[in-house]
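Asker: A single structure is presented below for examination.
Values quoted throughout were computed directly from the atomic coordinates according to the rules given, and no laboratory measurement underlies them. Values in this document were obtained by computation on a predicted structure and should not be read as measured data. Neighbour counts are summed over all protein chains in view; Cβ atoms, including those assigned to glycine, are modelled from backbone coordinates with ideal geometry.
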Amino acid sequence: MVPGPGTVVGPVEVGPVAHGGHCVARLDGRVIFVRHGIPGETVMVRLTDTAKAKFWRGDVAEVRDRSPHRVPAPCPVAGSCGGCDFQHVDPAHQRELKRRVVAEQLARLAGIEWDGAVEAVGDPLHWRTRMRYVTETGTAGLRAHRSHDVVEVPPGGCRIADATGPETDELRQLAREAQGQDMYVATGEPVSAVAGRDVLLGRRSVTELVGRTPLQVATDGFWQPHRKAPEVLTRAVLKALKPQPGEVGLDLYCGVGLFAAALASKGVRVFGVEQDRRAAGFAARNVPEAEIIAGPLERHLNQLPHQVDIIVLDPPRSGAGTKVVNRLAGLGARAIAYVACDPAALARDLATFAELGWAPTKIRAFDLFPMTHHVECVALLERTALDPN
């Protein structure tokens with residue numbers, strides 16, 4: 001008989017970390033994906049999902065043999081909120097766990113042996129400048145893990161939210177005004193809040209300063225959430241590509257023009273493509289010297305220049321995909337900087353690039369999502385030497 005959710009099983013030994021914020025454990029040959037464990041620990045597991053025949057899901061109910069890397073979670077709702085995966089792990093070991101995930105994905109999906117490290121970026125708390133709260137209960141909340149249940153934001157606020165955002169009492173007031181709609185809070189210039197598409201609680205856009213470059217971003221639009229991410233990633237991309245004046249460059253999945261602006265500042269003629277038309281409109285205003293195409297990249301591949309020098313590729317979590325990679329590989333670029341928020345998608349696309357004669361000469365990983373399982377990578381791809389035979 002299959003045990004139902006809520007059943008406590010074990011003890012089990014927590015095995016290796018897996019992509020997705022959990023670790024792999026086994027009970028009588030059954031795989032259990034366990035949250036809030038650390039590899040090497042012995043734990044009891046409270047099952048949360050047993051619907052799958054091949055594996056179950058669970059959460060640590062009791063630690064029998066604890067890891068030296070286990071620490072008290074800074075947030076009182078860390079165990080129930082779905083926003084953070086690793087608050088129970090000391091920050092240095094969080095980066096080690098992410099390193100293992102990146103290395104495993106690259107090896108398994110692309111045949112690449114990677115011995116790099118996940119680089120720390122600032123404080124692991126109060127880094128997130130973009131927050132989306134649910135308000136259906138009349139207060140500001142966040143979703144529980146793999147659930148529509150609402151976890152109310154605790155006193156003192158979300159521990160990874162930017163400290164310059166609204167205080168708890170102000171959040172509650174905003175949530176009452178926005179009840180029933182998602183409420184977006186962006187901390188830029190100025191601090192803004194927007195509820196859904198209908199109720200305006202603040203400004204619809206904020207100004208983000210990247211170095212000395214101001215960029216307008218929709219309050220509820222996409223922007224790298226870590227306070228330091230735009231500058232860190234821009235520096236990494238520029239260091240990798242070494243753009244030269246007069247070159248032709250692409251910024252694909254360009255958002256509001258973060259990398260387009262950086263390339264243009266180096267004298268590059270930039271073409272950008274962005275599916276979200278609102279973001280594309282911001283990009284056109286943020287980087288007027290660039291040529292911005294609004295629409296899905298897959299539908300506009302034939303509108304790209306037939307010969308380019310450098311490419312920045314920053315796809316969504318699903319990756320770029322075979323059609324896009326095939327097109328980019330034939331544009332004659334000397335280098336491609338691939339910015340990835342998902343190591344599995346990065347690895348799949350790198351495998352496709354390899355079939356077309358491209359290889360990563362440098363892969364860096366950055367801890368731009370502390371306390372969560374997410375990690376950002378920047379890979380420099382260059383054409384491999386042709387076989388003279």
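Asker: Using the Cα gyration tensor of the stretch 218-354, with a ≥ b ≥ c the square roots of its eigenvalues, what is the shape: rounded (a/c below 1.5), prolate (a/b larger than b/c) or oblate (neither)?
Answerer: rounded
Asker: Starting from a Cα-only point model with no solvent, please compute log10 I(q)/I(0) by Debye for the stretch 8-70 at q = 0.21 1/Å.
Answerer: Calculated log10 I(q)/I(0) at the listed q: -0.71.
Asker: Which translational diffusion coefficient, to the nearest whole µm²/s, is obtained for the stretch 278-337 from the Stokes-Einstein equation, given a Kirkwood hydrodynamic radius over C-alpha pairs, 4 °C and 1.567 mPa s?
Answerer: Once the numbers are plugged in, D ends up at 102 µm²/s.
Asker: Find the Rg to Rh ratio for the stretch 207-250, where Rh is the Kirkwood radius over alpha-carbon pairs and Rg uses the same atoms.
Answerer: Looking at the stretch 207-250, the ratio lands at 1.02.
Asker: Checking understanding here: applying a Kyte-Doolittle mean of at least -0.5 and a length along the axis of at least 24 Å (C-alpha), which whole DSSP H helices in the chain pass?
Answerer: None pass (Cα extent of 24 Å or more, hydropathy at least -0.5).
Asker: While we're looking at this one, here's another question. How large are Rg and Dmax for the stretch 1-112 when only the alpha carbon atoms are used, in Å?
Answerer: Rg and Dmax of the stretch 1-112, Cα atoms, are 14.1, 42 Å.
Asker: Report relative contact order for the stretch 288-389 in percent, whole number only (criteria: Cα-Cα under 8 Å, sequence separation at least 6).
Answerer: It comes to 25 percent, rounded to a whole number.
Asker: In whole percent, what relative contact order does the chain give with Cα contacts below 8 Å and a gap of six or more residues?
Answerer: 13 percent
Asker: Binning at 10 angstrom from zero up to the longest distance, how are the C-alpha pair distances of the stretch 130-209 distributed in percent?
Answerer: 21, 54, 24, 2
Asker: Per residue, what volume in Å³ does the Cα convex hull of the stretch 144-279 take up?
Answerer: Convex hull of Cα atoms, per residue: 134 Å³.
Asker: If we count other beta carbons within 10 Å of each Cβ, what is the order of VAL270, VAL101, fewest first?
Answerer: Listing VAL270, VAL101 from fewest to most nearby Cβ atoms yields VAL101, VAL270.
Asker: If we sort 116-127, 12-23, 368-379 on the protection proxy, mean other Cβ atoms within 10 Å, highest first, what's the order?
Answerer: Result, highest mean Cβ count within 10 Å first: 368-379, 12-23, 116-127.
Asker: Could you please report the charge total around ALA290, scoring K, R as +1 and D, E as -1 over all other residues with beta-carbon less than 9 angstrom from its beta-carbon?
Answerer: -2
Asker: Also, quick follow-up: At q = 0.13, 0.14 Å⁻¹, what log₁₀ I(q)/I(0) does a Debye calculation on the Cα points of the chain give, no solvent, two decimals?
Answerer: Taken in order of the listed q values, log10 I(q)/I(0) reads -1.15, -1.28.
Asker: I've got another one for you. Placing unit charges on C-beta atoms (Lys and Arg positive, Asp and Glu negative, everything else neutral), compute the dipole magnitude of the stretch 130-209 about its Cα centre in debye, rounded to 20.
Answerer: Dipole magnitude for the stretch 130-209 comes out near 240 debye.
Asker: Starting from the stretch 263-339, pick out the GluC sites (Glu not before Pro) whose DSSP state is loop and whose Cβ has at most 15 other Cβ atoms within 10 Å.
Answerer: When the GluC sites (Glu not before Pro) of the stretch 263-339 are filtered for loop state and at most 15 Cβ neighbours within 10 Å, GLU289 remain.
Asker: Quick one: net charge around GLY332, please, counting Lys, Arg +1 and Asp, Glu -1 for every other residue with C-beta under 11 Å from its C-beta.
Answerer: Residues close to GLY332 contribute a combined charge of +1.
Asker: Applying 1/(1 + (r/R0)^6) with R0 = 25 Å to the Cβ-Cβ distance of SER80 and ARG108, what FRET efficiency is obtained, to the nearest 0.05?
Answerer: Computed FRET efficiency for SER80 and ARG108 comes out at 0.20.
Asker: Can you order the peptides 34-43, 173-182, 358-367 by their average number of other Cβ atoms within 10 Å per residue, highest first?
Answerer: Going by the mean number of other Cβ atoms within 10 Å, highest first, we get 34-43, 358-367, 173-182.
Asker: What FRET efficiency, computed as 1/(1 + (r/R0)^6) with R0 = 51 Å and r the Cβ-Cβ distance, is obtained for ARG64 and ALA359, rounded to the nearest 0.05?
Answerer: For R0 = 51 Å, the calculated efficiency reads 0.65.
Asker: Now a separate question. Add +1 for every Lys or Arg and -1 for every Asp or Glu among the other residues with Cβ under 15 Å from the Cβ of PRO155, and state the total.
Answerer: Once all neighbours under 15 Å are counted, the net charge is -2.
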